[in-house]
Every structure is written in structure tokens, then in C-alpha cells.
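This report refers to the structure that appears directly beneath it.
The values are calculated or read from the model by the stated rules, or taken from the named source; none is laboratory data. Remember, predicted model here, so these are calculated numbers, not experimental data. Cβ placement follows ideal geometry from the backbone for every residue including glycine, while neighbour counts extend to all protein chains displayed. Calculation scope for accessible area: heavy atoms of the full protein, side chains included, ligands and nucleic acids excluded. Shrake-Rupley method; radii C 1.70, N 1.55, O 1.52, S 1.80 Å.
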Amino acid sequence: MKHTVQITIDGVTTELPVLEATVGLDVVDVRSLIQQGLYTYDPGFLSTAACDSAITYIDGDAGILTYRGYPIEQLADQSEHLEVCYLLLHGELPSAEALGAFKQDIADRMPIDDHFARLFDGFTTESHPMSMLCAAVAGLAAQFHEGLDIYNSEHRLESAKQLIAKIPTLAAMSYRKSINASFVAPDPNLGYAENFLNMCFGETGQPPKVSKTLADALDKIFILHADHEQNASTSTVRIAGSTEANPYAAIAAGIAALWGPSHGGANEAVLDMLMEIGSIDQVSDYVARAKDKDDPFKLMGFGHRVYKNFDPRATVMQASCHAVLAEQGVDDEPLLAVAKALETIAREEAYFVDRRLYPNIDFYSGITLKAMGIPTPMYTALFALGRMPGWIAHWSEMLSAPFKIGRPRQLYLGPNKRDYVPISDR
Ligand code: MLT
């Protein structure tokens with residue numbers, strides 16, 4: 001049955017169609033409202049669907065997340081990141097043969113040209129990896145621009161493969177630069193996460209020494225971050241892409257948006273917070289500060305805009321986190337003790353339970369990456385690495401059907417038209 005909603009403005013009633021979702025909330029189509037001389041007002045897009053999409057579904061009340069219909073728990077448990085990349089890009093799981101070919105395509109595209117690697121010479125060792133990653137991905141636009149037709153699906157797929165292949169290499173190069181070490185080239189015999197770890201922590205000419213447990217845990221982190229529908233960075237990629245910008249430039253815009261502590265930078269902010277708290281005997285003081293509305297201190301890694309009961313990614317991450325802690329033998333790390341105390345408080349104290357401030361994925365990913373020995377400034381770069389297939393799948397989905405440039409309007413609250421006053425008369 002076709003639904004509509006009626007809106008009456010100054011006695012004139014207009015019917016607005018309701019677009020039916022395959023699952024989840026339906027959407028009121030307000031596009032014709034402008035003909036009545038009205039805009040809708042929704043800062044932060046709390047009630048606004050900015051597009052239609054068939055990639056990822058979230059039910060925030062029930063704690064459900066699916067990629068192309070497949071539950072995140074099943075993908076994290078049974079799949080691998082490159083298979084999830086294929087799924088997000090193509091809409092279906094690959095056959096064994098198609099997956100093998102996709103992996104080969106990625107391995108072939110991982111190396112970075114020597115002349116391009118010199119871009120990193122322009123940075124100091126103090127430079128944040130996200131700044132280097134953002135610049136490097138934007139820089140790829142120079143290499144892949146001429147002849148790139150964004151309306152050709154084969155060209156879009158090639159861009160997707162280049163970006164998925166090159167982001168681990170560029171992220172690892174950002175890290176090596178920050179420790180003033182020479183770059184380690186990708187090894188076509190290693191898996192995706194293994195390769196990244198070897199490019200960060202291995203040495204050229206030495207056999208790779210990557211722990212399978214750590215590579216598997218990292219691969220799972222990539223799967224859990226691979227997409228999250230219209231989050232801030234994905235929306236940024238869509239808006240930048242809607243201008244018909246080069247895809248590498250649009251993705252660089254997404255990386256910039258991800259960097260902030262209210263988005264991907266939250267995992268780094270969690271660790272900074274744990275370090276500020278420092279020891280278990282400080283926890284109750286900091287919790288009291290978090291509850292004090294006059295204190296600027298904020299607990300990082302708790303609650304989520306969309307999830308109202310729990311973040312399903314955090315549930316998977318929590319189990320994986322405990323496996324990594326056991327493998328690394330770091331259960332007694334003081335910061336991890338602080339994290340565990342905060343986790344217990346958030347799950348038990350009425351203040352946190354009532355406000356639905358449960359530990360989210362950033363909380364557990366920060367702790368897991370710390371236990372894996374990954375330096376804190378790299379955390380958000382790892383989020384970017386994981387999110388790459390989601391960004392590029394959304395960009396490609398938008399371009400594969402008619403779309404409009406992203407161009408919101410505003411509620412104007414500035415002065416009315418007035419005459420310019422010459423400076424001598426002011
Ligand atoms: C994400 O994965 O992008 C974050 O949880 C933020 C969001 O979805 O808004």
C-alpha cells in the first residue's frame with residue numbers, strides 16, 4: 001500500500017509520499033515542499049535521509065548492523081576483510097575464483113612508485129599520520145586523473161582497487177616516517193592485514209615475523225570498520241563526489257572528516273583519556289568529573305548517535321580484545337585496568353545505563369590496538385584503512401544512478417539587506 005503524509009501550510013494541504021524501505025524506517029519525501037515555499041530544518045541530519053542506499057543497514061534500537069544483508073557478527077567471524085571489500089563493492093559474496101582474482105588485483109596494486117614516496121620527505125617525524133595519509137591519498141589524484149571517467153563502472157572499480165590496495169602501504173609509510181625508518185615494500189605473499197603489519201614493523205630483506213593472532217584480530221577490526229552507512233566521513237565523500245570531483249580527492253576529504261575526535265579520532269582520544277586517568281585509583285574522580293556538567297572532561301568511547309542499546313561491533317570487538325590481551329600477556333597493563341574499571345562502571349551505574357553510555361567500538365578498538373603494540377597516533381589511520389571499501393562503495397553507488405550535487409539550504413538568521421557605510425563614516 002502506498003503511504004502519504006499530509007502537511008497543511010496556511011490552509012493548503014499537500015500530500016508528501018512516504019518511500020518504503022526494504023527494512024527499517026520509511027522516509028517522507030519532502031522534495032516538493034520547496035514549492036510551498038518552505039525548507040525543512042534538521043541540523044546534524046538527525047531526522048534526514050540524505051540518499052537511498054543498498055549497502056549497509058543499521059537498526060540502532062536493536063543493535064543490528066548488516067553489510068549487503070549479511071550480519072556483521074557472521075562476517076567478522078567467518079569472512080576476511082578483502083572478501084568484505086568485494087561484497088561491499090559488488091553487492092554479492094564472491095566465488096572462490098572471483099575472490100582469488102580480486103586478491104591478486106589488490107596485491108598487484110599495493111606498491112607505491114618511488115617518485116610518489118618522496119612526498120613523505122616534505123613531512124617531519126612529528127607529523128600526525130592522518131595528515132600524511134590525507135595528503136598522500138589526495139596526491140594519488142594527480143597520478144590517476146587523466147582519462148578517468150567517473151561514469152564508467154570499470155573505471156570506478158579500478159579506482160576502488162587502487163585505493164583499497166594502496167591505503168595500507170600509505171598508512172604504513174606514514175608510520176615509518178614518524179619513526180624516521182625506511183619504508184618496507186608490500187610483500188605479495190602476505191595477507192592484507194599481515195602485509196600492513198609487516199610494512200609497519202618488519203625490515204626490508206628480513207623474513208616477515210607477523211603473529212597470526214594479531215593479523216587475524218586486525219583483519220577483524222578492518223571488517224568491523226568497513227562501512228557504517230551515512231556517517232560523517234562517508235557523507236563527506238558523497239558530497240565531495242557529488243561535485244564530480246576526482247575519487248581520490250573525494251576520499252581524501254573523507255579521511256579529513258574521519259580525523260576528528262567525534263568521529264574516527266575517538267579511538268585515539270580513548271587512549272589519551274586512559275593515559276590522563278592514569279591509574280585505577282583515579283577512576284572514581286574522573287567518573288565524578290564526567291557527571292559534572294560544569295566540568296569539560298568527557299568520557300571518550302561511550303555511547304553512539306545511532307545505537308541506543310549497544311554497538312554490535314563493540315560486542316565482537318570486546319571478545320577479540322580479550323583474545324589479543326591474552327595472546328600479548330598484557331592483562332596487567334595499568335591502562336587496561338583503568339579501561340576495565342570504566343567498562344564495569346558504564347555497564348552497572350544508573351547514570352551511564354540511563355543515558356545509554358555503554359562502551360562503543362572505539363573504546364575496545366583503542367584498547368586492542370594498544371595491546372597489539374600499535375602507536376596511538378596510528379589508530380585513526382587504521383580506521384581509515386578499514387573504512388576505505390565503504391567510502392568507495394558509497395561513492396560508486398551514488399554515481400551509478402542519477403544524483404544531484406549535495407547542496408543544502410539554511411535558516412538565515414543574519415541581518416536584513418542594508419546599505420554599505422564608507423569607512424570614513426563608521
Ligand atoms: C562510524 O563507524 O562511522 C562511527 O560509528 C560513527 C557513525 O556511524 O556515526
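Close Cβ contacts (under 7 Å, 6 or more residues apart or on different chains) running from residues in region 227-255 that are at pLDDT 95 or above to residues that are of a type in the set (D, E, K, R) and within 16 Å of the ligand (Cβ to nearest atom) comprise 233/387. For residue 133, work out the one condition from (1) surrounded by fewer than 17 Cβ atoms within 10 Å (Cβ to Cβ); (2) under 22 Å from residue 260 (Cα atoms) it doesn't fulfil. Exception for residue 133: condition (1).
Select, from 341, 393, 384, the only residue that is under 22 Å from residue 178 (Cβ atoms) and either surrounded by 16 or more Cβ atoms within 10 Å (Cβ to Cβ) or among the hydroxyl-bearing types (Ser, Thr, Tyr) (or both).
On the way: 341 fails: under 22 Å from residue 178 (Cβ atoms); 393 fails: under 22 Å from residue 178 (Cβ atoms).
One residue alone meets the criteria, 384.
When you look at residue 376, is it open to solvent by less than 50 Å² (accessible area, probe 1.4 Å), within 16 Å of the ligand (Cβ to nearest atom), among the hydroxyl-bearing types (Ser, Thr, Tyr) and in contact with a helix residue (DSSP H, G or I) (Cβ under 8 Å, 6 or more places away or on another chain), yes or no? Quick ask: steps written out before the conclusion?
Values: open to solvent by less than 50 Å² (accessible area, probe 1.4 Å): yes; within 16 Å of the ligand (Cβ to nearest atom): no; among the hydroxyl-bearing types (Ser, Thr, Tyr): yes; in contact with a helix residue (DSSP H, G or I) (Cβ under 8 Å, 6 or more places away or on another chain): yes.
Considered against the rule, which asks whether it is open to solvent by less than 50 Å² (accessible area, probe 1.4 Å), within 16 Å of the ligand (Cβ to nearest atom), among the hydroxyl-bearing types (Ser, Thr, Tyr) and in contact with a helix residue (DSSP H, G or I) (Cβ under 8 Å, 6 or more places away or on another chain), residue 376 comes out as no.
Just wondering, is there one or more residues in region 271-293 that are in contact (Cβ under 8 Å) with a residue 40 or more places away in the chain, out of contact with any Phe, Trp or Tyr (no Cβ under 6 Å at 6 or more places or on another chain), within 16 Å of the ligand (Cβ to nearest atom) and not in a loop (DSSP other than H, G, I, E, B)? Checking region 271-293: not a single residue is in contact (Cβ under 8 Å) with a residue 40 or more places away in the chain, out of contact with any Phe, Trp or Tyr (no Cβ under 6 Å at 6 or more places or on another chain), within 16 Å of the ligand (Cβ to nearest atom) and not in a loop (DSSP other than H, G, I, E, B).
Here residue 310 clears all of (1) under 21 Å from residue 224 (Cα atoms); (2) more than 16 Å from the ligand (Cβ to nearest atom) except the condition numbered (2).
For region 258-290, give me each residue that is among the acidic types (Asp, Glu) and in contact with a helix residue (DSSP H, G or I) (Cβ under 6 Å, 6 or more places away or on another chain). Quick ask: steps written out before the conclusion?
Taking region 258-290 as the starting set, the residues that turn out to be among the acidic types (Asp, Glu) are 268, 272, 276, 281, 285.
Result: 268, single match.
Within region 320-330, is even one residue among the charged types (D, E, K, R) and under 20 Å from the mean Cα position of the chain (by Cα)? Among the residues of region 320-330, not one is among the charged types (D, E, K, R) and under 20 Å from the mean Cα position of the chain (by Cα), which makes the answer no.
Take the conditions out of contact with any Lys or Arg (no Cβ under 6 Å at 6 or more places or on another chain), in a helix (DSSP H, G or I) and surrounded by fewer than 21 Cβ atoms within 10 Å (Cβ to Cβ) and apply them to residue 171. Does it pass? First the steps, then the outcome.
Numbers: out of contact with any Lys or Arg (no Cβ under 6 Å at 6 or more places or on another chain): yes; in a helix (DSSP H, G or I): yes; surrounded by fewer than 21 Cβ atoms within 10 Å (Cβ to Cβ): no.
Answer is no for this residue.
Could you tell me whether region 311-324 includes any residue that is in a helix (DSSP H, G or I), touching a strand residue (DSSP E or B) at 6+ places or on another chain (Cβ under 9 Å), modelled with pLDDT under 90 and open to solvent by less than 20 Å² (accessible area, probe 1.4 Å)? Taking every residue of region 311-324 in turn, none turns out to be in a helix (DSSP H, G or I), touching a strand residue (DSSP E or B) at 6+ places or on another chain (Cβ under 9 Å), modelled with pLDDT under 90 and open to solvent by less than 20 Å² (accessible area, probe 1.4 Å).
Yes/no matrix, rows are residues, columns are (1) in contact with a Phe, Trp or Tyr (Cβ under 7 Å, 6 or more places away or on another chain); (2) surrounded by fewer than 19 Cβ atoms within 10 Å (Cβ to Cβ); (3) basic (Lys, Arg):
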| site | (1), (2), (3) |
| --- | --- |
| 70 | no, yes, no |
| 73 | no, yes, no |
| 88 | yes, no, no |
| 109 | no, yes, yes |
| 112 | no, no, no |
| 144 | yes, yes, no |
| 147 | no, yes, no |
| 154 | no, yes, no |
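Checking each residue in region 27-46 for being without any contact (Cβ under 8 Å) to a residue 12 or more places away in the chain, open to solvent by less than 100 Å² (accessible area, probe 1.4 Å) and part of a helix (DSSP H, G or I) picks out 34, 43, 44. Counting just the residues of region 215-256 that are over 22 Å from residue 65 (Cα atoms), assigned to a helix (DSSP H, G or I) and open to solvent by 20 Å² or more (accessible area, probe 1.4 Å), which one comes out farthest from the ligand (Cβ to nearest atom)? This residue is 249.
The condition of being in a helix (DSSP H, G or I), more than 19 Å from the chain's Cα centre (by Cα), surrounded by fewer than 23 Cβ atoms within 10 Å (Cβ to Cβ) and free of Cβ contacts under 8 Å to residues at least 60 places away in the same chain does not hold for residue 357.
In this structure, residue 303 qualifies as touching a Leu at 6+ places or on another chain (Cβ under 6 Å) and not acidic (Asp, Glu).
Check region 16-26 and report whether any residue there is over 23 Å from residue 403 (Cβ atoms), over 18 Å from the mean Cα position of the chain (by Cα) and free of Cβ contacts under 8 Å to residues at least 24 places away in the same chain. No: region 16-26 contains no residue that is over 23 Å from residue 403 (Cβ atoms), over 18 Å from the mean Cα position of the chain (by Cα) and free of Cβ contacts under 8 Å to residues at least 24 places away in the same chain. Across region 380-412, which residue is nearest to residue 160 (Cα to Cα) among those that are touching a Phe, Trp or Tyr at 6+ places or on another chain (Cβ under 6 Å) and in a loop (DSSP other than H, G, I, E, B)? So, considering only residues that are touching a Phe, Trp or Tyr at 6+ places or on another chain (Cβ under 6 Å) and in a loop (DSSP other than H, G, I, E, B), the one nearest to residue 160 (Cα to Cα) is 409.
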